[in-house]
Amino acid sequence: MDERLPDPELFRSGGFRLAAKVFVKDDLRATERQLRRFREFAQVEDPLADAVVALFRRLPKNHGRRLFEHALTHGVHDLDKPPKELVDFFEHVEATPYWVDPARLDRGARAIVRTGVLGLFPLGDMSLMGGYLASRAIKTLVATGEIERKASRRLLETAVWWMDVTTPGALAVHAAGYASALRVRLVHAHVRAAMHRRPDWDYDEWDQPVNQVQTAGTLLLFSLVFVYGTQLLGIRFSERERADILHLWRYAGWLLGVDEELLPATEEDAWRLFWLLASTEFIPDTDSKRLAKALIETHAAIGEGRGAVGKVLSHLSVAVHSSISRLVLGRANADFLEIPDDPVAQGAILAVAAGNFAAETARRFIPGATALREYLGALERRRYVERLGRIAKLDPTYARHMQAA
């Protein structure tokens, strides 16, 4: 019962095997008892958010969402006779946990901003692609059809949301990142309610929809996998910066409704939780292949309508993104997802990472270089959001997703 379990596939090859050896001193493997306790959370949802969504269904169309949006920016008690469900929800999320340190949130955000648009690569190539290995978690995506039909739009929306949450000061109560986190929490509750109304939801095979295990997994894809992924691409973080980034996402996870028992307090905690996720959730199936294919097609779409030049751009885009995914996920997982294998592109990625590492090493010793990199990173992110705004009309309230659910 208390003997350590064998490593899952994700930790037997590829980048995660190397990262676990480099960044973690102790044995990550869990016991059967720990794994059973972890799996209990696959039956746990988010009662506070679920009650708000049930309230919305009882109120006139869009009235509940308008109340929610007002409470997001002005506080629930600014409403005239707010419903009990909203009061319970907002009094909980506005009672900031004792362990939240605003200075650490700011330092973590600045470290993330410093990566600029390079920080977006781990989102699609590692977090999103790696998340498709979790076959139970993606059943809600397949059921709604949103990811497969509109993969590019959801990728853009995820990038904008991630930047909202990781901007310095954005997680203060009523600020933009705080509001974005709570809106996504409500989207999850809408999806849960929609899946519960489906007669074909298989609770024995897929657990509760958008459960605590899956939400915690999403949190780690944005936090731990981001830290590891950017370091793979040559970015250098100090030990304190890594801890502060994880602290930021610990609080973001709390806002998203993750149970406190599943919120990693340290980097080693995060790796242990990720090991449990890899052991129990990262079990790909045919739906994993479908979504991976849709994401690869999104990368190829960059060259559409550009003639011969567009074909070159499409090829390069797929080669770069696929190579990053393969380096991280390992050969077995990448082959199962049918991610293109281009050894030349993989070598080029490693060469670029080496160049980034050299530049980052120099940055740490040049006075003012870190502050300059933070300024440039913030500028890159703002311009990226502006470009996205011209490409697609993005809704920061996620009303469309709530209505679709």
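Listing for the model above:
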{"item": "Estimated FRET transfer efficiency when R0 is 51 angstrom, pair Arg331-His74 (beta carbons, to 0.05)", "result": "0.45"}
{"item": "Positive-end residue of Thr286, Trp206, Ser325, charge dipole of the chain with Cβ unit charges", "result": "Ser325"}
{"item": "Virtual spin-label span in nm between Arg363 and Arg4, 7 Å along Cα→Cβ", "result": "3.4 nm"}
{"item": "Chymotrypsin sites (Phe, Trp or Tyr not before Pro) restricted to DSSP loop in segment 86-143 with at most 10 other C-beta within 10 Å", "result": "Tyr98"}
{"item": "Where chymotrypsin sites (Phe, Trp or Tyr not before Pro) fall in DSSP loop in segment 1-58, at most 13 other Cβ within 10 Å", "result": "none"}
{"item": "Whole-percent carbon and sulfur share, accessible surface of segment 213-307, 1.4 Å", "result": "49 percent"}
{"item": "Pairs of lysine residues in the chain - Cα separation under 28 Å, sequence separation of 8 or more or cross-chain", "result": "17"}
{"item": "Nearest-20 debye value, segment 1-68 charge dipole, Cβ charges on Lys, Arg, Asp, Glu", "result": "460 debye"}
{"item": "Within segment 324-344: backbone nitrogen closer than 12 Å to the Arg12 label point (7 Å, Cα to C-beta)", "result": "331-333"}
{"item": "FRET efficiency, 1/(1 + (r/R0)^6) with R0 30 Å, evaluated for Ala348 and Val385 via beta carbons", "result": "0.60"}
{"item": "Segment 17-83, accessible surface, carbon-and-sulfur percent (1.4 angstrom probe)", "result": "51 percent"}
{"item": "Extension gain (nm, one decimal) between Val22 and Val87, 0.36 nm per residue minus Cα-Cα", "result": "18.8 nm"}
{"item": "Among Ala371, Ala49, Ala300: highest mean-square fluctuation, GNM of the chain, C-alpha pairs under 10 Å", "result": "Ala371"}
{"item": "Distance between modelled label sites at Lys311 and Asp259, nm, 7 Å Cα→Cβ extension", "result": "5.4 nm"}
{"item": "Per residue accessible area of segment 259-382, 1.4 Å probe, in Å²", "result": "50 Å²"}
{"item": "Accessible solvent surface per residue of segment 1-97, calculated while the other protein chains remain in place, 1.4 angstrom probe, Å²", "result": "59 Å²"}
{"item": "Furthest towards positive pole of dipole, Thr115, Ala103, Phe16, structure part the chain, Cβ charges", "result": "Thr115"}
{"item": "Value at 222 nm in deg cm²/dmol, rounded to 500, when DSSP H runs of n ≥ 4 in the chain each add -39,500 (n - 2.57)", "result": "-20000 deg cm²/dmol"}
{"item": "GNM flexibility winner over the chain from Pro102, Pro343, Pro284 (Cα, springs under 10 Å)", "result": "Pro343"}
{"item": "For the chain, built as a Gaussian network whose Cα springs stay under 10 Å, the top-fluctuating residue of Tyr228, Tyr384, Tyr203", "result": "Tyr203"}
{"item": "About the Cα centre, charge dipole magnitude for the chain (Lys/Arg +1, Asp/Glu -1 at Cβ), debye", "result": "1300 debye"}
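The values are calculated or read from the model by the stated rules, or taken from the named source; none is laboratory data. Everything numeric here is computed off the predicted structure, so don't read it as measured data. Every residue, glycine among them, receives a Cβ derived from its backbone with ideal geometry; neighbour counts consider all protein chains shown. Each accessible area value is taken on the protein alone, full model and side chains, heavy atoms only, with ligands, DNA and RNA left out. Shrake-Rupley method; radii C 1.70, N 1.55, O 1.52, S 1.80 Å.
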